[in-house]
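Engineer: Just dropping this structure here.
The values are calculated or read from the model by the stated rules, or taken from the named source; none is laboratory data. Remember, predicted model here, so these are calculated numbers, not experimental data. Virtual Cβ from ideal backbone geometry, glycine too; neighbours counted across all protein chains shown. Protein only, heavy atoms only, side chains kept; ligands, DNA and RNA dropped before computing areas. Shrake-Rupley method; radii C 1.70, N 1.55, O 1.52, S 1.80 Å.
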Amino acid sequence: MTSGASRSAATPLAAPAAISLIGVGKSYPSGTQALDGLDLVVRQGEFLALLGPSGCGKSTALRIMAGLAAPSSGTVERHIGAADGASIGFVFQEPTLMPWARVAANVRLPLDLAGVGRAEARRRAEEMIERVGLAGFGRAYPRELSGGMRMRVSLARALVTRPHLLLMDEPFAALDEITRFRLNDDLLALRAAFGCTIAFVTHSTYESVYLADRIVVMSGRPGRVTDEIVVEAPGPRTAAFRGTAGYAEQCRRAFAAVAGAAAASEPR
Amino acid sequence: MRLGHGARILSWAMPVLAFAGALLAWDLVVRLNGIPPFILPAPALVAATLVSDWPILSASLWVTLRTTLEALVVATAGGVALAVVFAQSRWIALSFYPFAVILQVTPIIAIAPLLLIYLSPDAAVLTCAFVVAFFPVLSNTLAGLTSVDPNLRDLFRLNRASRLAELLRLRIPAALPSFLVGLRIAGGLALIGAIVAEIAAGSSGQGSGLAYRIVEAGYRLNVPRMFAALALISIAGVVIYGSLALLSHVLLRRWHDSTVARDG
Ligand SMILES: Nc1ncnc2c1ncn2[C@@H]1O[C@H](COP(=O)(O)OP(=O)(O)OP(=O)(O)O)[C@@H](O)[C@H]1O
Ligand SMILES: [Mg+2]
């Protein structure tokens with residue numbers, strides 16, 4: 001397995017790795033080679049965005065990090081404890097809630113499955129529901145909520161165990177722009193409060209520059225890392241950041257990198 | 001569409017009126033053509049027979065209903081239990097599902113005579129009703145148990161859920177809607193199975209359910225009583241279906257999309 005990864009920029013963030021994928025390959029039984037020689041390090045405390053054209057293997061990489069899929073080749077090193085709900089929170093593209101359970105029960109699920117006591121689980125779930133801005137909605141059913149609120153429930157469920165690592169697979173892709181911006185800000189606030197490491201898959205260059213400390217660009221067929229952008233944000237990441245020239249310039253760079261990656265993944 | 005108050009009343013009144021109209025037409029046909037009761041009794045005569053023969057008919061109704069309900073309960077318990085077992089192991093499902101299919105596709109009326117040799121008439125009738133009610137519960141519950149949102153399954157896996165926890169917290173609630181669909185079908189089929197088996201048993205001179213009354217009254221050309229028994233069977237079928245639909249509505253109304261009032 002040869003490594004197809006070539007980094008255009010060295011990683012200046014010197015934090016130790018939270019999780020490393022080393023030369024990871026993944027082929028599905030259908031014969032699709034989703035990943036080949038993927039080298040990817042998520043550093044402790046960073047906000048990493050995974051950016052790449054559709055089908056390049058971002059979800060596959062995320063699932064391998066979560067331990068939900070096994071790599072066909074290469075190794076995965078976890079420095080955050082075992083791959084379970086206590087150390088990893090996962091947010092899917094859809095809210096993925098249990099429609100028969102109330103918001104509180106949905107948020108509590110990881111604690112219930114881990115055998116946390118009833119009263120304690122209840123208290124922690126309620127606290128997290130408040131943290132994501134859904135105070136008072138604990139007894140609602142998912143279908144009574146808007147798309148943005150459902151995504152908040154999903155976020156609360158992922159955070160309720162206070163995981164070290166939060167893996168998010170295009171979580172806000174289905175939301176309208178206003179809702180998406182608001183959730184972006186709330187996500188940054190939650191991250192500041194809990195200090196968790198985040199790996200965030202997105203299609204949107206704007207979103208990746210706004211949120212991430214570092215953007216890893218992937219190209220597909222098979223999936224590998226083709227570029228890396230360290231995002232520089234002088235001030236706090238607020239709506240004002242979106243108006244700066246630096247933001248625009250970095251979005252342009254990210255866009256060029258993805259366009260290049262997309263061209264490289266064209267079926268030949 | 002949004003139903004206003006008037007429209008809601010109409011939505012009840014229209015079918016009732018249509019039904020009354022059909023009865024009236026029936027009555028007119030009998031009256032104007034002077035059809036004798038032993039060929040086609042008027043609705044009023046059927047109603048009168050229902051009252052006069054009530055002691056005998058109610059006893060038979062009870063027999064048929066009891067058979068139907070017992071069969072439904074056993075079929076539900078058996079169907080759900082087997083579906084849970086099948087959902088746990090693909091190999092068990094693969095090996096034994098064909099048996100259930102064979103049992104399902106063989107017309108029950110063809111199995112009944114054999115069962116009547118092996119079993120007492122009561123047990124044979126019960127078995128027939130069970131056999132036809134069993135499959136829809138099994139197949140619908142199994143479909144529900146095995147078609148769980150794969151992301152939710154991943155979430156359970158990530159959280160190291162045991163098989164039992166996954167079954168209780170994920171698969172069973174997810175299967176509830178399709179189980180209830182199966183149950184509704186099974187309710188109707190259990191009644192049909194019981195009636196069919198009663199007729200098969202009745203021709204050999206046993207049994208006392210409603211179907212037996214129909215066969216017996218047929219021999220005596222007591223057509224009004226045939227109609228009265230038939231009416232009771234129809235009503236029983238409607239009541240069974242209605243109560244199962246109500247049960248389903250009560251269990252699902254808070255969360256399932258099938259019960260969302262899009263106009264509400
Ligand atoms: N379960 C699977 N079985 C077979 N092939 C799969 C499976 N999951 C993904 N693939 C294939 O692997 C490749 C990478 O898929 P993946 O979902 O990881 O891409 P992605 O970058 O997340 O795409 P998107 O941005 O559209 O979500 C694709 O070609 C896809 O068709
Ligand atoms: Mg994906």
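Engineer: With the requirement that a residue be within 15 Å of ligand 2 (Cβ to nearest atom) and open to solvent by 10 Å² or more (accessible area, probe 1.4 Å), what does the range A:24-56 give you?
Structural biologist: Scanning the range A:24-56 gives A:LYS26, A:TYR28, A:THR32, A:ALA34, A:PRO53, A:SER54, A:GLY55.
Engineer: A further question on this structure: When the residues of the range B:128-150 are filtered to those that are assigned to a helix (DSSP H, G or I) and open to solvent by 40 Å² or more (accessible area, probe 1.4 Å), which remaining residue is nearest to the other protein chains (Cβ to nearest Cβ)? Walk me through how you get there before you give the answer.
Structural biologist: Keep residues of the range B:128-150 that are assigned to a helix (DSSP H, G or I), which gives B:128-146, B:150.
From what's left, open to solvent by 40 Å² or more (accessible area, probe 1.4 Å): B:130, B:143, B:146, B:150.
Details: B:PHE130: 29, B:ALA143: 17, B:THR146: 17, B:PRO150: 9 Å.
Ranking the qualifying residues of the range B:128-150, first place goes to B:PRO150.
Engineer: Testing A:LEU134 on (1) within 14 Å of chain B (Cβ to nearest Cβ); (2) crowded, with 19+ Cβ neighbours inside 10 Å, one condition comes back false. Which one is that?
Structural biologist: Single failed check for A:LEU134: (1).
Engineer: Further question: Of all the residues that make up the range A:92-109, how many are crowded, with 19+ Cβ neighbours inside 10 Å and small (Gly, Ala, Ser)?
Structural biologist: 2
Engineer: Follow-up question, since we're still on this one. Would you pick out the residues in the range B:1-45 that are in contact (Cβ under 8 Å) with a residue 60 or more places away in the chain and among the charged types (D, E, K, R)? If you could, list the steps in order and put the result at the bottom.
Structural biologist: Initial filter on the range B:1-45 (in contact (Cβ under 8 Å) with a residue 60 or more places away in the chain): B:1-3, B:37-41, B:45.
Residue satisfying the conditions is B:ARG2 alone.
Engineer: If you don't mind, there's one more thing I want to ask. Just the residues that are open to solvent by 30 Å² or more (accessible area, probe 1.4 Å) and in a loop (DSSP other than H, G, I, E, B), please, taken from the range A:179-200.
Structural biologist: A:GLY195
Residue by residue, here is whether (1) within 30 Å of A:ALA15 (Cα to Cα); (2) within 16 Å of ligand 1 (Cβ to nearest atom); (3) assigned by TED's automatic domain parsing to the domain that holds A:ARG108 holds:
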site	(1), (2), (3)
A:SER154	yes, no, yes
A:ALA173	yes, yes, no
A:GLU177	no, no, no
A:PHE181	yes, no, no
A:ASN184	yes, no, no
A:ALA189	yes, no, no
A:GLY195	yes, no, no
A:ALA199	yes, yes, no
A:THR202	yes, yes, no
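Engineer: What number of residues in the range A:61-91 are within 12 Å of ligand 2 (Cβ to nearest atom) and either away from chain B (no Cβ under 14 Å) or buried (at least 23 other Cβ atoms within 10 Å of the Cβ) (or both)? Before you say what the answer is, go through the steps one by one.
Structural biologist: Step one: filter the range A:61-91 for residues within 12 Å of ligand 2 (Cβ to nearest atom), giving A:61-63.
Imposing the further condition that a residue be either away from chain B (no Cβ under 14 Å) or buried (at least 23 other Cβ atoms within 10 Å of the Cβ) (or both) reduces the set to A:61.
Counting residues in the range A:61-91 that are within 12 Å of ligand 2 (Cβ to nearest atom) and either away from chain B (no Cβ under 14 Å) or buried (at least 23 other Cβ atoms within 10 Å of the Cβ) (or both) gives 1.
Engineer: What residue, among those in the range A:219-234 that are open to solvent by less than 40 Å² (accessible area, probe 1.4 Å) and away from ligand 1 (no atom under 16 Å from the Cβ), is nearest to A:LEU21 (Cα to Cα)?
Structural biologist: Out of the qualifying residues, it is A:GLU228.
Engineer: Is there any pair with a first residue in the range A:100-128 that is more than 14 Å from chain B (Cβ to nearest Cβ) and over 27 Å from B:PRO177 (Cβ atoms) and a second that is in a helix (DSSP H, G or I) and open to solvent by less than 10 Å² (accessible area, probe 1.4 Å) whose Cβ atoms are under 7 Å apart and which are 6 or more apart or on different chains, and what are they?
Structural biologist: So the pair list comes out as A:ARG124/A:LEU111; A:MET128/A:VAL107; A:MET128/A:ALA156; A:MET128/A:LEU159.
Engineer: Of these, A:ALA86, A:ALA70, A:ALA61, A:ALA66, which one is closer than 28 Å to A:GLY133 by Cα, within 15 Å of ligand 1 (Cβ to nearest atom) and of a type outside the set (Lys, Arg)?
Structural biologist: Values: A:ALA86 fails: within 15 Å of ligand 1 (Cβ to nearest atom); A:ALA70 fails: closer than 28 Å to A:GLY133 by Cα; A:ALA61 fails: closer than 28 Å to A:GLY133 by Cα.
Going through A:ALA86, A:ALA70, A:ALA61, A:ALA66 in turn, the sole match is A:ALA66.
Engineer: Shifting gears a bit: Let me confirm something: among B:PRO55, B:PRO36, B:PRO43, which residue is open to solvent by less than 30 Å² (accessible area, probe 1.4 Å) and over 24 Å from the mean Cα position of the chain (by Cα)? Give the derivation first.
Structural biologist: Working: B:PRO55 fails: open to solvent by less than 30 Å² (accessible area, probe 1.4 Å); B:PRO36 fails: open to solvent by less than 30 Å² (accessible area, probe 1.4 Å).
Going through B:PRO55, B:PRO36, B:PRO43 in turn, the sole match is B:PRO43.
Engineer: Right, here's the next one. Name the residue that is nearest to the chain's Cα centre (by Cα), counting only residues in the range A:167-178 that are more than 13 Å from ligand 2 (Cβ to nearest atom) and not in a helix (DSSP H, G or I).
Structural biologist: Across the range A:167-178, the extreme among qualifying residues is A:PHE172.
Engineer: Take the range B:157-168 and flag every residue that is part of a helix (DSSP H, G or I) and surrounded by 21 or more Cβ atoms within 10 Å (Cβ to Cβ).
Structural biologist: The one that is part of a helix (DSSP H, G or I) and surrounded by 21 or more Cβ atoms within 10 Å (Cβ to Cβ): B:LEU158.
Engineer: What is the number of the single condition among (1) more than 16 Å from ligand 1 (Cβ to nearest atom); (2) among the β-branched types (Val, Ile, Thr); (3) out of contact with any His (no Cβ under 7 Å at 6 or more places or on another chain) that A:ILE80 does not meet?
Structural biologist: Looking at each condition in turn, A:ILE80 falls short on (3).
Engineer: Something else now. Scan (1) more than 16 Å from ligand 2 (Cβ to nearest atom); (2) open to solvent by less than 20 Å² (accessible area, probe 1.4 Å) for the single condition A:HIS164 breaks and write down its number.
Structural biologist: (2)
Engineer: Run down B:VAL80, B:VAL73, B:VAL101 and say which single residue is surrounded by fewer than 16 Cβ atoms within 10 Å (Cβ to Cβ) and at pLDDT 95 or above. Steps first, answer last, please.
Structural biologist: Details: B:VAL80 fails: surrounded by fewer than 16 Cβ atoms within 10 Å (Cβ to Cβ); B:VAL101 fails: at pLDDT 95 or above.
Going through B:VAL80, B:VAL73, B:VAL101 in turn, just one is surrounded by fewer than 16 Cβ atoms within 10 Å (Cβ to Cβ) and at pLDDT 95 or above: B:VAL73.
Engineer: On to the next question. Restricting the search to the range A:201-218, which residues are assigned to a loop (DSSP other than H, G, I, E, B) and surrounded by fewer than 23 Cβ atoms within 10 Å (Cβ to Cβ)?
Structural biologist: From the range A:201-218, those assigned to a loop (DSSP other than H, G, I, E, B) are A:203-204, A:212-213; that's our starting set.
Scanning the range A:201-218 gives A:HIS203, A:SER204, A:ASP213.
Engineer: May I pose another question? Which residues, taken from the range A:219-242, are charged (D, E, K, R), touching a residue at least 60 places away in the same chain (Cβ under 8 Å) and assigned to a loop (DSSP other than H, G, I, E, B)? Break it down into steps so the answer makes sense when it comes.
Structural biologist: Just the residues of the range A:219-242 that are charged (D, E, K, R), to begin with: A:221, A:224, A:227-228, A:232, A:237, A:242.
Applying the additional criterion that residues be touching a residue at least 60 places away in the same chain (Cβ under 8 Å) yields A:221, A:224, A:227-228.
Within the range A:219-242, A:ARG221 is the sole residue that qualifies.
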